[in-house]
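The values are calculated or read from the model by the stated rules, or taken from the named source; none is laboratory data. Note that the structure is predicted; figures quoted are calculated from it, not measured. Cβ sites come from the backbone with ideal geometry, for glycine too, and all protein chains shown count toward neighbours. Keep in mind that these areas ignore ligands, DNA and RNA; they rest on the heavy atoms of the full protein, side chains included. Shrake-Rupley method; radii C 1.70, N 1.55, O 1.52, S 1.80 Å.
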Amino acid sequence: MRLRAFRADDADALAAAFDDPLSRRFLPPLPSPYTVAHAERYLAEHVVATSAEGGALYAIADPETDELLGGIGVDKVVPIRRQAEVGYWVGPWARQRGVATAALRALSTHALGHGLERLELLTHLDNPVSQRVAMAAAFRREGLRRGAQPGRDGARDDMVVFARLAGDPETPEPRLLPDLPGGELSDGVVRLRPLGPGDYDFLTELLNLPEVIATSVPPDPPTAERIRRRCDRAETQWLGGTRADLVIEDAVTGEPVGDIGLFYDDPFTQQAMIGYSMLPAYRGRGFPTRAAQLLSLWVFAETDVVRLIAGAAPDNVASQRVLEKARFHREAYLRARLPGPAGKRADDVQYVLLAEDLLD
């Protein structure tokens, strides 16, 4: 790609890109439908206004045909802090080609080499594609900015904050939780794949089972919004290195039968935790044991986790057997460790697995 100034003849392509459903979803201030007239006004007014305020908007173009592929720009400039915000978009005809990553790398390197010391980048929680672009361009995730983006119908959206400083290396930081090889783990009997937006109905059924609610933290029935957010934002959690949510499938039929999660809540001591649940019809078939084994092998091979822990209620003998078959060792009985029903506390039996345990 190459970056160039926007031109009046970009209006048709700009209108097509901004009228795309994905663009409207993550750029809520855009009029809907977005017409050529809107695009012409954007080119004549918004591009000029951004420049007058100290920023700059560029067209991302094909270096050979000069076709408009997208746009990228720097705005919200704070001269006294030598910082600004960067944003980008790509037309549907140019996605999944590395265009946004290449443009972001080029503009960031230029901006940070010509006076700016800090670039911020904000993405929606349910826009993991944009987050991958930011990370590939060596931006580092810094946290969550609540209500940072005006949404539709008067709402405000939380945004994930990334930043790159002038002194940062140009290579991406290693991820705490990398992607699964080939997108899944399987032993031929069970298959583990990342949880996603399409799993809402399945997860609703699973998480509303009384026995699953009883072992949840806290032990309360999940709301529909909470389940939807968990599905929509599972990849964001994974990219952030805090949690890997996976669906357990029957490898033969492809049916979802349960879930298993890795919670990397203590990177400083390199300790993570797993938890799992199963639909009643698939219990007693060894699926959770296989899932725990698959996940454990991936954890020790692909992450820096040293200790993998799991807990079970003292009276949940079935779950304890799952962990023991997966080579976890009972380590402690923790009194009143977890919040229980009616404001009470619940005891927890803790198990641990080390990499060398898998070699026994």
Gain in span if fully extended, Arg283 to Gln96, counting 0.36 nm per residue against the direct Cα distance: 63.3 nm
Convex hull projection area averaged over all views, region 94-168, Cα basis, nm²: 5.7
Residue-level accessible surface for Glu173, protein heavy atoms, 1.4 Å, Å²: 110
Compactness of region 52-149 as Cα Rg over 2.2 N^0.38 Å, two decimals: 1.08
Å² of accessible area per residue within region 1-145, as computed with a 1.4 Å probe and no ligands counted: 49
Calculated Rg and Dmax of the chain using C-alpha coordinates, Å: 23.9, 71
Assigned charges on the beta-carbon of Lys, Arg, Asp, Glu; region 124-260 dipole about Cα centre (debye): 720
Cut-off under 5 Å, modelled amide H: who pairs with Glu255 long-range: Asp250
Largest-first ordering by accessible area, 1.4 Å probe, given options Arg141, Arg193: Arg141, Arg193
Residue order for Arg24, Arg229 - accessible surface, 1.4 angstrom probe, largest first: Arg229, Arg24
Structure-based [θ]222 nm, the chain - -39500 (n - 2.57) summed over DSSP H runs of at least 4, per residue, nearest 500: -8000 deg cm²/dmol
Cα Rg over Rh - region 97-239, Kirkwood: 1.05
Charge dipole (the chain, unit charges on Cβ, about Cα centre) - positive-most of Ala100, Leu180, Val317: Val317
Charge dipole magnitude, Cβ of K and R +1, D and E -1 - region 1-92, Cα centre, debye nearest 20: 520
Simple spin-label estimate for Ile80 and Glu225 in nanometres, 7 Å along Cα-Cβ: 3.7
Prolate/oblate/rounded label for region 249-360 (Cα gyration tensor, a/c 1.5): oblate
Estimated D of region 141-184 in µm² per second, where Rh is the Kirkwood radius over Cα pairs and Stokes-Einstein applies at 37 °C, 0.692 mPa s: 241
Given charges at beta-carbon only (K, R positive; D, E negative), |dipole| of the chain in Debye: 780
Calculated FRET value between Leu354 and Ala49, using beta carbons and R₀ = 51 Å, to 0.05: 0.30
Rounded accessible area of Lys344 (nearest 10 Å², 1.4 Å probe): 140
Rounded FRET efficiency, nearest 0.05, which uses the C-beta distance separating Arg140 from Arg330 and R0 of 51 Å: 0.85
Cα shape, region 1-95, gyration tensor, a/c 1.5 rule: prolate
Full-stretch length increase - Asp315, Asp179 - with 0.36 nm per residue and alpha-carbon distance subtracted: 45.4 nm
Residue among Leu338, Leu176, Leu207 with the largest mean-square fluctuation in a Gaussian network model of the chain, springs linking Cα atoms under 10 Å: Leu338
Probe 1.4 Å - accessible area at Thr65, Å² to nearest ten: 90
Rounded percent of accessible protein surface that carbon and sulfur make up, the chain, 1.4 Å probe: 52
Ranking by accessible area, most exposed first, for Arg290, Arg146 with a 1.4 Å probe: Arg146, Arg290
Heavy-atom surface of region 291-337, accessible at 1.4 Å and reported per residue (Å²): 54
